[in-house]
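Okay, structure first, notes after.
What follows is calculated from the coordinates using simple rules that are stated; it is not laboratory data. In this text, all values refer to a predicted model and were calculated from it rather than measured experimentally. Using ideal geometry, Cβ is built from the backbone for each residue, glycine included, and neighbour counts are taken over all protein chains shown.
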Amino acid sequence: MKTSAIGRRYAKALLELAEEQKLTPKVQTELEHLVASWNESKELRDVFENPAITSDLRVKVLEGLATRMGLSKPTASIVRLLAERRRMRHLPEVAEAYFALAQASAGAVVAEVTSATELASAYYVRLQQALEKNLGKKVTLVKKQDPTLLAGVVTRVGDKVFDGSLKSRLEQLEETLLA
C-alpha cells in the first residue's frame, strides 16, 4: 500500500509524540492491533464511516476502544483526531507510514516484498541479508501476497521498486511483440 500525504502527516506527528515519551515500540504495537481490529470489524468501520452516526456515539465508541485496548496517550490522541476529522479510513495508512518513519528514525528501512504465494523463510532471510549488504542499513521485511503476480517477487524499498514478477515479464514481452 502506498501511503497518502494524510497518512504520513498523522504518522509523523504521532512519531514525534511517541519519541518524546519514549513509547515508539509500544505505539507501533498499538497501531498494529488497531489496524487488525479495523480490518476485521465491519461494525467498527461502519461506526466511523456512516454519516448517520452521531459524533457523540463515535466518541463513546472510541473511548471504549481506547480503554479496552489500553492505548497510550499518543495513540489515543491521534485516533481521536482521525475520528473527529472523519479520517479513520486512513488508519491503515497512518500505521504503515508510522512503521516506516520509526524504522528510518532508528537508521533502518522497510522493504515491502510482494509475491504470488508464501515463500520459504530461507528466501526471506537471504533477501534481507542481500538488501542490508547493498543498502548498508538494517532492513525490515514486510511480506505481502498478490496472486495476480503469477510468480516471482516485487520488492519495494522506499521509492525504488525491483520487479521480478512473471506478470511484469509477460507485459514486457507483449510490448516487444506488438512493437
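Annotations
- Subset of Lys137/Lys160; Lys138/Lys160; Lys22/Lys73; Lys22/Lys144; Lys73/Lys144; Lys73/Lys143 violating a 22 Å alpha-carbon distance limit: Lys22/Lys144; Lys73/Lys144; Lys73/Lys143
- The chain shape via C-alpha gyration tensor axes, a/c threshold 1.5: prolate
- For segment 22-30, backbone phi angles converted through the Karplus equation (6.51, -1.76, 1.60; θ = phi - 60°) give residue-by-residue couplings of 6, 10, 3, x, 5, 5, 4, 4, 4 Hz, Gly and Pro being listed as x.
- Global geometry of segment 108-178, whether rounded, prolate or oblate, following the gyration tensor of its Cα atoms and the 1.5 cut on a/c: prolate
- Bridge type composition, the chain - antiparallel percent by DSSP, nearest 5: 60
- Over the chain, dividing the summed -39,500 (n - 2.57) contributions of all DSSP H runs of at least 4 residues by the number of residues returns a 222 nm mean residue ellipticity of -20000 deg cm²/dmol.
- Put in line by how crowded their Cβ is, counting other Cβ atoms within 10 Å and starting with the fewest, Ile6, Ile53, Ile78 read Ile53, Ile6, Ile78.
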